[in-house]
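Student: Here it is: the structure, laid out below.
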Amino acid sequence: MIVVRSRFVAGLLATGAIAASSSLLAADPKPDAAVLEATEQAALKGVLTREEQAALTPQVVLDTLLAGNERFVRNDLTQRNHSQRIREAYAGQFPKAVVLSCLDSRIPVEDVFDRGIGDIFVARVAGNFVNEDILGSMEFACHVAGAKLIMVIGHTNCGAVKAAIDDVKLGNITPMLAKIRPAIERGRPFDGRKASDNPAYVAHVCRENVRLAVEAVRQRSEILRTMETKGEIKIVGAYYDLGSGTVSPLP
């Protein structure tokens, strides 16, 4: 049987409701060492249960994902018995978060956050933009299935963003890229050469695209906006560095 290493704060118990804030990274109290140790041990027994999911706070879930990313960067991923966990999860799922990522094959989302079966919902689309289907999926993940965190994650050297900058016209790619164009047209000012072969500009647009997606979630989903206002979920943006493997929350 494969020995499952500690998942750090994967099973952290709630220490109180977290107030929602317009800031993506509002400061929240961190659990103390005793809570970390106790819940870390509880998390080793298998996939997340309904009770364990309900006890988590949005901030703790965010901390859990970022801690998992630190392990990923160190090449210190948790070993899991996937065959066993498939059988444990077949009757139901209680993931802690939903991550909207780009289609890019270089971002294996579960590995990037050192997560396993039943841990997170993952939605993927080139350019990590928000549409009706993605919003419906997020509403299901949080309002129906109980996830506590929504993370939109963009990445360096994004091909979809480059194509949007170049205003590529090709089949169904054309209307897809139109959903990224607002990050170019209505983004924050950029002092430099605005071209797809300028890495700094591509990074700038990628980050703006993430921020606009986060805003779209709040503006276009009354369900999720209300849940965040009540402190039931967090909605955050993040940026993945393909070179280092590091995920950095966007302020």
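Student: Net charge near Gln53, counting Lys/Arg +1 and Asp/Glu -1 over other residues with Cβ under 13 Å of its Cβ?
Tutor: Its environment carries a net charge of -1.
Student: ³J(HN,Hα) across the range 210-225 via Karplus (A = 6.51, B = -1.76, C = 1.60, θ = phi - 60°), whole Hz, x for Gly/Pro?
Tutor: Rounded to whole hertz, the list is 5, 4, 5, 5, 4, 4, 5, 4, 5, 6, 9, 10, 5, 4, 6, 4.
Student: May I pose another question? Pop out the ³J(HN,Hα) list for the range 199-209 in order, Karplus 6.51 cos²θ - 1.76 cosθ + 1.60 with θ = phi - 60°, rounded to Hz; leave Gly and Pro as x.
Tutor: Result, ordered by residue: x, 5, 6, 4, 4, 4, 5, 4, 5, 4, 4 Hz.
Student: A follow-up question, please. Can you tell me what share of the DSSP beta bridges in the range 33-249 is antiparallel? A percent to the nearest 5 is fine.
Tutor: Looking only at bridges with both residues in the range 33-249, the antiparallel portion is about 15 percent.
Student: Here is a follow-up. Could you pull out every residue, at least 5 positions away or on a different chain, whose amide H is within less than 5 Å of the one on His155? Hs are placed 1.01 Å off N in the peptide plane, and Pro or chain starts have none.
Tutor: Amide H neighbours of His155, under 5 Å, 5+ apart: Tyr240.
Student: What is the magnitude of the charge dipole of the range 33-249 about its Cα centre, with +1 placed on the Cβ of each Lys and Arg, -1 on the Cβ of each Asp and Glu, and no other charges, expressed in debye to the nearest 20?
Tutor: 340 debye
Student: Using a cut-off of 15 Å between beta-carbons, work out the net charge of the residues near Met227 (Lys and Arg +1, Asp and Glu -1, Met227 not included).
Tutor: Once all neighbours under 15 Å are counted, the net charge is +3.
Student: Go ahead and run the numbers for FRET between Ala55 and Arg225, Cβ-Cβ distance against an R0 of 25 Å, rounding to 0.05.
Tutor: It comes to 0.55.
Student: Whole Å is fine, so just give me how far the alpha carbon centre of the range 117-145 lies from that of the range 149-199.
Tutor: Using only Cα atoms to place each centre, the spacing works out to 21 Å.
Student: Summing +1 for each Lys or Arg and -1 for each Asp or Glu, what net charge is found among the other residues whose Cβ lies under 14 Å from the Cβ of Asp167?
Tutor: After counting each charged neighbour, the total is +3.
No value in this document is a laboratory result; all are computed from the given coordinates. Every value quoted in this text rests on a predicted model; they were computed, and no experiment measured them. Reconstructed Cβ throughout: ideal geometry from the backbone, glycine too, with neighbour counts over all protein chains shown.
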